[in-house]
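Since the structure comes first, as C-alpha cells, the remarks are kept for the end.
The values are calculated or read from the model by the stated rules, or taken from the named source; none is laboratory data. What you are looking at is a predicted structure, and each value in this text was computed from that prediction instead of being measured. Reconstructed Cβ throughout: ideal geometry from the backbone, glycine too, with neighbour counts over all protein chains shown. When the accessible area is computed, the model is the full protein with side chains, heavy atoms only, and any ligands, DNA or RNA have been set aside. Shrake-Rupley method; radii C 1.70, N 1.55, O 1.52, S 1.80 Å.
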Amino acid sequence: MKSKTAVFRADLHVHTCCSFDSLAAPKDVLAAAVKKGLSAIAITDHNEIAGALEAAEIARKKKLPLQVIMGEEVSTDRGDLLVYFLKKRIAPGSLERVLSEVKAQNAVCSAAHPYDKIRHGIQLENLKPSLLEKIDAIEAFNARVTIPSHNARALEFAQKHGKAVFAGSDAHHPLEVGAAAVEFAGIRRLDRKSLVLASRVIKAKLSSPLVHFLSRYAVLRKKIRRAKKSS
Ligand SMILES: [Zn+2]
C-alpha cells in the first residue's frame, strides 16, 4: 500500500485507439502505465471520451493500482484544449463555447502543446484576457514537441501568468506512456483541486521524433480499414 508521502506521478496526456491517429488499445495503455509505476493517467483522446470510459472501467474491474482521469483533447478554433474530470464529451468548436462547457461541468483545462502550430497549439499571447483567465493550466512539457523551445516558451508563459504547469507524454503508442509526468507530493488520489496546484514536472524527456511515424502509421491503417469496410 502506498503511504501518504509517496510520490504520485501522473501522465496527463495519453491517447488510445479512440483517437483517429492511435491504434493503442486501452488495456495495453493501462498495462504500460502500471509497468512504468505511474499513479495516474489522463486519457485525452481527440474529441472523444469512449476510450477514457473504457480504460476507467477496465481499471476498476481489474482493481489496477492506477487512477484513470476522464479527459478529452478538444479541437477549438484557437487550438487544442485538454480537459480533465469532465462528465460528458465536449464537442469541438469555438474556444469560447468549449471553455464555458468546461466551467459548466466543473472540469479543469489546459492549453495543449501551446505554440506548436503544426499540432494546433493555442497561441497564448493572442488570446483575449477573458478567455485566458478561464484556462487553468498550461502544458509546459509535451514529450512529442518537435521543437523543444515550444516547451520552454510554454513554461515561461505559465510562470508569468501564474498558471499550473502540466506535463504529458501525448502517447499515441503504449511505448510512449510515462515519457513525461507531473509529480505530486502528499496525495493518494488526484482531484480537481490538487490538479490545478500542479507546478512541478519530473521524469520528463522528449520522445524520439520517430514516434510521429507511429501516429502516421495509425492514421494510414485506419484509412485502409475504412476503405476495406466500404468496398
Ligand atoms: Zn494529444
Taking segment 65-82 and keeping residues more than 12 Å from the ligand (Cβ to nearest atom) and either among the small types (Gly, Ala, Ser) or within 21 Å of Arg119 (Cβ to Cβ) (or both) leaves Thr76, Asp77, Arg78
Going through segment 146-162 in order, the residues found to be surrounded by fewer than 23 Cβ atoms within 10 Å (Cβ to Cβ) and of a type outside the set (Gly, Ala, Ser) are Thr146, Ile147, Pro148, His150, Arg153, Leu155, Glu156, Phe157, Gln159, Lys160, His161
Review point. Can we say Val102 is at pLDDT 95 or above, open to solvent by less than 10 Å² (accessible area, probe 1.4 Å), under 17 Å from the mean Cα position of the chain (by Cα) and more than 18 Å from Gly162 (Cα to Cα)?
Key: yes
Ala218: passes all of (1) under 23 Å from Asp45 (Cα atoms); (2) at pLDDT 70 or above but (2)
Taking segment 112-135 and the residues there that are of a type outside the set (A, V, I, L, M) and within 16 Å of the ligand (Cβ to nearest atom), the one that is most open to solvent (accessible area, probe 1.4 Å) would be Lys117
Of the conditions (1) within 14 Å of the ligand (Cβ to nearest atom); (2) on the phi > 0 side of the Ramachandran plot; (3) not hydroxyl-bearing (Ser, Thr, Tyr), the single one that Pro92 does not satisfy is (2)
| query | Can you find even one residue in segment 41-55 that is over 14 Å from the mean Cα position of the chain (by Cα), without any contact (Cβ under 8 Å) to a residue 12 or more places away in the chain and away from the ligand (no atom under 16 Å from the Cβ)? | reply | no
Selection from segment 155-169 of residues of a type in the set (A, V, I, L, M, F, W, C) and either modelled with pLDDT under 90 or away from the ligand (no atom under 15 Å from the Cβ) (or both) yields Leu155, Phe157, Ala158, Ala164, Val165
message: Looking for something within 16 Å of the ligand (Cβ to nearest atom), hydroxyl-bearing (Ser, Thr, Tyr) and within 19 Å of Ala52 (Cα to Cα) - is there at least one such residue anywhere in segment 100-111?
response: yes
